[in-house]
Amino acid sequence: MRLGDLELYLLIAGRWKADGGLMFGVVPKVLWEKQKPADGQNMIDMACVGLIARINGRVIICETGIGTKLSEKRALQVALREPEGLLHSLRRLGIRPDEVDGVITTHLHWDHAGGLTRWDNGCLELTFPKARHFIQRSEWDFALRPDIRSQSAYVTDDFTPLADGNNLVEFLDGDAEVMPGVHVRHVGGHTPGSQVLVLRSGELACAVTGDLVCQTPHLRVPWTMSADIEPLRVLEQKARLLDEAQKHRWLLVLSHEPDQPAGYLEEDGRWRPEPRLT
């Protein structure tokens, strides 16, 4: 779809399942299961959602999903489907991986950064070998030395090759306009360096929320994940983002919503999907 000067395409970089308790934290299951039914193992459907954007002649990728590096055992545990969704989406648009100019990952958890690298004939290769990758320095440092609670969420093979002799990472220290019209907002909360992408064209804007707003039930400010390391900061930053999105009619892309993940937040709090971005 067109949004002013922006050309936007929804990116589904894979589908999988996650534990409902992980996704909804202290929210009682009797409430969240009405909207996101769980299977017999308490798992709910998830998607790895992002954007492919053309802006000012450049190609930007936001979020790369789980990728293809999971072991067979782990892939079965999370019911991984469509692991090649990232490259398949690019191929449909006639874009080669070496034509991507910029990659923005909201944070470096395995389900968001796994697609940054891939195995090719036994060698770990960069998925986008010519792109600049924009990552918060605080996220990178934490991912290399996570606390004991967060260790399982990071896989160093996902991201360290970007800096090992390749010099493709541009480390950020807070909010930044990384390219004309391409803004990154440091929100923290879920992880120390979590960020939200905001693409702007005049008064129009599209925001990729990352795990600040995972699925449509998380549009309720108090509904947060148990994996958030700073829950109160998540509440504060989410309230700010949703207030802006509602007032200024920003298009939102929710990072793990499997059904109609792009849309607008109406004044009464209802979610109105954008049918042109499906």
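Before moving on, here are some points about what is shown:
- Extending 7 Å from the Cα toward the beta-carbon at both ARG240 and ASP19 defines two label points whose distance is 3.1 nm.
- Potential extension, ASP268-ASP39 segment - 0.36 nm per residue separation minus Cα distance: 79.3 nm
- The lysines within cross-link reach of LYS34, meaning a Cα-to-Cα straight distance under 25 Å and a gap of 8 or more places when in the same chain, are LYS17, LYS238.
- Straight-distance candidates among the aspartates and glutamates for linking to LYS247, with alpha-carbon spacing under 16 Å and chain neighbours fewer than 8 residues away dropped: GLU203, GLU266, GLU267, ASP268.
- FRET efficiency, 1/(1 + (r/R0)^6) with R0 45 Å, evaluated for GLU203 and LYS130 via beta carbons: 0.90
- The portion of the accessible surface of the stretch 54-138 made up by carbon and sulfur, rounded to a whole percent, is 48 (1.4 Å probe; DNA, RNA and ligands excluded).
- Bridge orientation summary for the stretch 152-278: considering DSSP beta bridges with both residues in this region, about 85 percent are antiparallel.
- For ASP5 and ASP98, a Förster radius of 22 Å and the Cβ-Cβ distance give a FRET efficiency of 0.35, rounded to the nearest 0.05.
- Computed over protein heavy atoms with a 1.4 Å probe, the accessible surface of the stretch 188-278 works out to 41 Å² per residue.
- In the context of the full set of protein chains, the stretch 129-181 has a per residue accessible area of 53 Å² (1.4 Å probe).
- Structure-based [θ]222 nm, the chain - -39500 (n - 2.57) summed over DSSP H runs of at least 4, per residue, nearest 500: -5000 deg cm²/dmol
- Calculated FRET efficiency for the pair VAL30/ALA75, C-beta based, R₀ 30 Å, to 0.05: 0.45
- At 1.002 mPa s and 20 °C, Stokes diffusion of the stretch 65-181 via Kirkwood alpha-carbon radius, µm² per second: 142 µm²/s
- Applying both filters, DSSP loop and at most 15 other Cβ atoms within 10 Å, to the trypsin sites (Lys or Arg not before Pro) of the stretch 102-143 gives LYS130.
- Whichever aspartates and glutamates have a C-alpha closer than 19 Å to that of LYS29, once near sequence neighbours (fewer than 8 apart) are set aside: ASP19, ASP39, ASP45, ASP228, GLU257
The values are calculated or read from the model by the stated rules, or taken from the named source; none is laboratory data. Treat the numbers as computed from the prediction; the structure is a model and nothing was measured. Heads up, the Cβs are rebuilt from the backbone with ideal geometry, glycines too, and the neighbour counts pull from every protein chain shown. Ligands, DNA and RNA are stripped out before the accessible areas are found, and what is left, the full protein with its side chains, is counted by its heavy atoms. Shrake-Rupley method; radii C 1.70, N 1.55, O 1.52, S 1.80 Å.
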